[in-house]
Amino acid sequence: MTDIQNYDVAIIGYGPTGVTAANLLGQRGLNVVVLERDPDIYGRARAISTDEEVMRIWQQVGLADRLQEDMLPGGKVAFVDSNGKPFIQVQPTSRGAGHPPQQFIYQPAVDQTLRDGVDRFPNVTVLTRHECLKVNNAGADVEVLAADLTTDEFVRLRASFVIAADGGSSAIRGQLGIGYGGKTYSERWVVIDTKVLRDWEGSSRLRFHCDPERPTVDCPTPLGHHRWEFPVRDGEDENRLVTDEAIWEVLRSQGISDQNVEILRAVVYSHHVRVAERWRVGRVFLAGDAAHAMPPWIGQGMASGVRDAANLCWKLAGVLDGSLSESVLDSYQTEREPHVRETTDHAVFAGKTITERRPLVAALRNHVLGTLAKAPVFARWLVENKWIPNAHYGDGFLGDGRNRARGWQIPQPWVLDENGDHVRLDDVLRGRWLVVGLDDRDAPQWRSAGVDRLQVLPPGAECRVDAVVDVDGVLTEWMDTRATAVVAVRPDGFVYTASDSSQSLPNPPAFLRVTTPAR
């Protein structure tokens, strides 16, 4: 038994959610420990896409540009009939987060870059081959018991808080007695990962083959990879479907030969729709798949876990440095769960649309959507309302007032900083509380709480201290459309409160006492 070590936060699990949390907390100077059962990165690519809001989170920890090098920006998404002919094509549109709206990823490469990022922080200890056996809320901290799988010794540690990011089969969730309600679909799916040897027509596009006989997802992934997914039909043998013989039957039916790809692996898995009843028990929090699971149709499983980490970590840091009340932590599930449920509903809708098995209904679907798609306004509506929903907090850790900017994330345009450098807005915000306004009026109550002020200057203005020049007018337009002149922005970029030009900015939280975050 080793000596008991004390930490600010213990993270259980080192997948995308856990490693993102480790980067966010490490950057803020917290003493963090990560416990991970496996010795290395999981070799199979599970998630295959991400979006601009997730890239914005990874930008906060200085990794977005490096991650971008190993990604493939997405183009049009094609829904094709049984003959391979598109009946609708949609183009994901930017929401102003400062990155491409959709990007295809090779998850092992993403995981490696994120782990390399954690290595920058001497205040983060990563213990692989360590399996968490038990967590126990013990008043002012959490007692954690783990097994060192290399030495067969027990390890005890204490942490002020624990983030359980240990996956859909979370042992921590089970120990805490938290229900994981929802359903698992009876239909199983085969996932085929390949190495690309020679490109083919359409190899760079995501295509949903809406064939009632064999619905198939056909998706490019970067670094020379490509993926197919298709359902196991009634009466089919799962063991046979993952053999090379069966895989080539499917690939050749789509015109793919061994001159195009090399088969790397094939596995069978199930789709889940589940949400944990509680995401917090005392000082232990569930995040990522431990808190929720959704079908893969719109590529938001991993992304939702990263969003969890972004919502939770700045709040934990604020509580630990004394700038926030511990009651703020109750807003974690309040803010994140509605978006998770809405995103899950969108994923289910997309799945039902793609996998329709009744030939007549599928033909009607193709005709109706194909006809509507000729109207650009419909394609835009489909992307904006039936694809990835915008994150918006209607309730949670928000201030007074019902301004139309409240609860929304401020956009991230390119701006000129005080030195005249062309930078993304978040590189100026730096993950801190900030009052952002179109004019130079003071907000004394926020200044008294330690919150700095940033003025947004119009295009063509001269650069100066405590201001940015809105090069393309994006931020100014966003505020104008919401009848907003000034906003108080949280460290995660969401608007805590706002006001128009005729009113003063509502007060900050009574307990807010800001300290300067680590850069």
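What is the Cα centroid distance between the range 130-173 and the range 388-433, reported in whole angstrom?
Cα centroid of the range 130-173 versus Cα centroid of the range 388-433: 35 Å apart.
Could you give the accessible area per residue of the range 325-461, probe 1.4 Å, as a whole number in Å²?
On a per-residue basis, the range 325-461 sits at 49 Å².
Would you grab the residues whose amide H sits under 5 Å from the one on ASP452? Only those 5+ places off in sequence or on another chain, please, with H modelled 1.01 Å from N.
VAL435
Can you send over the solvent-accessible area of HIS272, 1.4 Å probe, protein chains only, in Å² to the nearest 10?
Rounded to the nearest 10, the figure is 70 Å².
If you restrict to DSSP beta bridges whose two residues both lie in the chain, what percentage is antiparallel, to the nearest 5?
Antiparallel bridges make up about 70 percent of those DSSP assigns within the chain.
Contour minus end-to-end for GLU277 and PHE378, with contour as 0.36 nm per residue of separation and end-to-end as the Cα-Cα distance?
32.7 nm
With every protein chain left in place, what is the accessible area per residue of the range 16-93 in square angstrom, probe 1.4 Å?
The answer is 36 Å² per residue.
Run the helix sum for the chain: -39,500 (n - 2.57) per DSSP H stretch of 4+ residues, divided by residue count, reported at 222 nm to the nearest 500 deg cm²/dmol.
-8000 deg cm²/dmol
Taking the Cα centre of the range 17-141 as the origin, how large is its charge dipole in debye, to the nearest 20, when only Lys and Arg (+1) and Asp and Glu (-1) carry charge on their Cβ atoms?
180 debye
Could you state how much accessible area THR221 has, in square angstrom rounded to the nearest 10, with a 1.4 Å probe and all protein chains kept in place?
Its accessible surface works out to 10 Å², give or take rounding.
Give me the three principal axis extents of the range 232-380 from the C-alpha atoms, as integers in angstrom, largest value leading.
Cα spread of the range 232-380 along its principal axes, largest to smallest: 61, 42, 31 Å.
Quote to one decimal, in nm, the extra length available between ASP3 and GLU418 on full extension: 0.36 nm per residue of separation minus the C-alpha distance between them.
Difference between extended and current length: 144.5 nm.
So, taking all protein chains as they sit and a 1.4 Å probe, how much accessible area belongs to ILE388, in Å² rounded to tens?
Accessible area of ILE388: about 20 Å².
Using only the alpha carbons of the range 401-472, what is the convex hull's orientation-averaged projected area in square nanometres?
Projected over every direction and averaged, the Cα hull of the range 401-472 covers 5.3 nm².
Considering only C-alpha atoms, what is the centroid distance from the range 1-46 to the range 94-128, in Å?
13 Å
How would TYR332, TYR185, TYR7, TYR42 rank on accessible area, largest to smallest, probe 1.4 Å?
If we order TYR332, TYR185, TYR7, TYR42 from most to least accessible, we get TYR42, TYR185, TYR7, TYR332.
In nanometres, what is the gap between the two model label sites at GLU337 and ARG357, each 7 Å from Cα along Cα-to-Cβ?
The two pseudo-label positions are separated by 3.3 nm.
Take every DSSP beta bridge whose two residues both sit in the range 1-123, then give the antiparallel share in percent to the nearest 5.
Of all bridge pairs located within the range 1-123, approximately 70 percent are antiparallel.
As an exercise, identify the chymotrypsin sites (Phe, Trp or Tyr not before Pro) in the range 387-426 lying in DSSP coil whose Cβ has no more than 11 other Cβ atoms within 10 Å.
Within the range 387-426, no chymotrypsin sites (Phe, Trp or Tyr not before Pro) qualify (loop, at most 11 other Cβ atoms within 10 Å).
When the solvent-accessible surface of protein heavy atoms is calculated with a 1.4 angstrom probe, in what order do ARG173, ARG380 fall, highest first?
Listed by decreasing accessible area, they come as ARG380, ARG173.
When DSSP assigns beta bridges and you keep just the ones with both residues in the range 420-519, what percent turn out antiparallel, to the nearest 5?
Within the range 420-519, antiparallel bridges account for around 55 percent of the total.
Summarise the accessible area of the chain (1.4 Å probe, protein heavy atoms) by the percent that is carbon and sulfur.
The nonpolar share, carbon plus sulfur, comes to 48 percent.
The values are calculated or read from the model by the stated rules, or taken from the named source; none is laboratory data. None of the values given here were measured: they were computed from a predicted structure. Cβ atoms come from the backbone with ideal geometry, glycine included; neighbour counts cover every protein chain shown. Side chains included, ligands, DNA and RNA excluded: accessible areas come from the protein's heavy atoms. Shrake-Rupley method; radii C 1.70, N 1.55, O 1.52, S 1.80 Å.
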